[in-house]
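Asks: Below is the structure I would like to discuss, written out as structure tokens.
The values are calculated or read from the model by the stated rules, or taken from the named source; none is laboratory data. Quantities reported herein were computed from a predicted structural model and do not represent experimental measurements. Don't worry about glycine lacking a Cβ; one is built from the backbone with ideal geometry, like all the others, and counts go over all protein chains shown.
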Amino acid sequence: MTLFITLCLGWLVSFLGQLPLGTMSITATQIAVSEGFSAGWKYSVGVAIIEIVYVRLTVSGVAWIVQHHTFFEAVNWLTVALFLTLGTITLVSALKQQGDKKPVLLNNKLDRFVLGVTMSALNPAQIPFWFVWSSYLINLHVLKTGAEDFNLFSTGCALGTICGLAVYMYGGNWLIVKMKANTKILNIIMGIVFIIAALAQLYRIFFVKELPTG
């Protein structure tokens, strides 16, 4: 029963963490609307698999992260550059768009599972999120520090991520159909979200000390 609670705990934290609008969620909506739910599910599973790795790494301790601080710093800057580029190109393309058209991010033949894996891997901001939550839950003695508990917690987090993205896939699709909106509006929103995410990442780099440096 305790292990089941650990699984549910991971699911709840991750599910609630996915609900605020972000690059992962808006991309899930865009894929579902323009390519169908099957592609959206492939993307979501790809995102969740990398989340398991990040969560498991985080709850096991920050020693490895601290030792490889330079690596994560480089990934942070790469994320800023990627999100700014995607946001700018998507926004400019959307403003010039005539009729329905896919955004730059999705206008390719890249498997959506691979896209999910890539985008999730280039989102190191989730490490501080899980570091804070796992530390909090461990201090409350809600999350036990055993391998089995950590594995179940990480699995629950992955399931929560998939469920959170599913809300955006189905809810976003319903909203677009209900509003009779074309993909131009969604592409503009997508571009804005990417730019905001890049600026938020820059803020974290310069003003937020997210992890100890040893």
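Asks: Can you tell me which residues in the range 175-205 are under 20 Å from S34 (Cβ atoms) and at pLDDT 85 or above?
Replies: Matches in the range 175-205: I192 only.
Asks: Of everything in the range 44-77, what is modelled with pLDDT of 75 or more, of a type in the set (A, V, I, L, M) and farther than 25 Å from I162 by Cα? Give them in sequence order.
Replies: Passing the criteria: only A74.
Asks: Looking at the range 37-46, can you tell me whether even one residue there is touching a residue at least 40 places away in the same chain (Cβ under 8 Å) and farther than 18 Å from M119 by Cα?
Replies: So far as the range 37-46 goes, yes, one or more of its residues are touching a residue at least 40 places away in the same chain (Cβ under 8 Å) and farther than 18 Å from M119 by Cα.
Asks: Oh, and also: Could you run through the range 78-101 and say how many residues are surrounded by 17 or more Cβ atoms within 10 Å (Cβ to Cβ) and modelled with pLDDT of 85 or more?
Replies: Number satisfying all stated conditions: 1.
Asks: Being at pLDDT below 80, part of a helix (DSSP H, G or I) and basic (K, R), is that true of even one residue in the range 105-115?
Replies: no
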